[in-house]
Amino acid sequence: MFGRIQRIDNKVLERMGKIHKPALNKLMVAVSRAGNVGFVWWAICAVFLLREEWRLTGYNIIIALTLSHIMGEVIIKHLVKRVRPCHRLSEDEQLINRPRFYSFPSGHTTASFAVVGVVLLRCRMITFLPILILAALIGFSRIYLRVHYLTDVVVGVLLGFVCGVCTVLVFNAVVPV
């Protein structure tokens, strides 16, 4: 089964290399950088923390980002130890610096969808949709830049979303509204 999954992952990466265009390359690098160390999500969190009526959502995002980081970056990556696809590419094929750490799951995607999980349950659709689109773009950019396999991103989506939703459920049970 893992061999079949790896073949699908490899096929997706091969196709990604074929759709590269200079303008799209620049866009995907910028989108991916927005997710570096959760930058865009911490910035959004700061906005939530500024207003009293949004503050609980901001705190919830902090806990969701922390939980998703511990689960993905600290625990799962070091258990699975999957080598990134970019380590098989030549230097001229690489659009960004090669990340040093393991591939599975995608940390950018996990953080992004942790925020999606929180915002889905705490905010209006007008807030949710742009965050969902940005999260999806960040996840896609990681495959496009060939620093993650498709399965790294899919598992990042699931893990992040579960972390976000679980933190909302815990907050709802513990923090009086």
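Of all residues in the range 2-14, those that are under 14 Å from Cys86 (Cα atoms) have Cβ atoms under 7 Å from Cβ atoms of residues that are part of a helix (DSSP H, G or I) and at pLDDT 85 or above, 6 or more apart or on another chain, in Asp9/Leu150; Asp9/Thr151; Val12/Ile143; Val12/Leu150.
Kindly establish whether Ser141 is within 28 Å of Phe2 (Cα to Cα) and at pLDDT 90 or above. Yes; evaluated as a whole, the condition is true for this residue. Considering only residues in the range 109-150 that are in contact (Cβ under 8 Å) with a residue 40 or more places away in the chain and hydroxyl-bearing (Ser, Thr, Tyr), the one that is farthest from Val40 (Cα to Cα) turns out to be Tyr149. Checked against (1) surrounded by fewer than 19 Cβ atoms within 10 Å (Cβ to Cβ); (2) modelled with pLDDT of 85 or more; (3) of a type in the set (Ser, Thr, Tyr), Ser90 meets all criteria but (2). It is to be established whether one or more residues within the range 152-175 are in contact with a His (Cβ under 7 Å, 6 or more places away or on another chain) and not β-branched (Val, Ile, Thr). No, the range 152-175 contains no residue that is in contact with a His (Cβ under 7 Å, 6 or more places away or on another chain) and not β-branched (Val, Ile, Thr).
The helices (runs of 4 or more DSSP H) found wholly in the range 1-85 and carrying at least 3 residues that are exposed (fewer than 14 other Cβ atoms within 10 Å of the Cβ) and at pLDDT below 85 occupy 2-18.
Report yes if Val37 is under 15 Å from the mean Cα position of the chain (by Cα), farther than 16 Å from Phe113 by Cα and not charged (D, E, K, R), otherwise no.
So Val37 does not fit the description; no.
The values are calculated or read from the model by the stated rules, or taken from the named source; none is laboratory data. None of these values were measured; they are calculated from a predicted model. For neighbour counting, all protein chains shown are included, and Cβ atoms are generated from backbone atoms with ideal geometry for every residue, glycine included.
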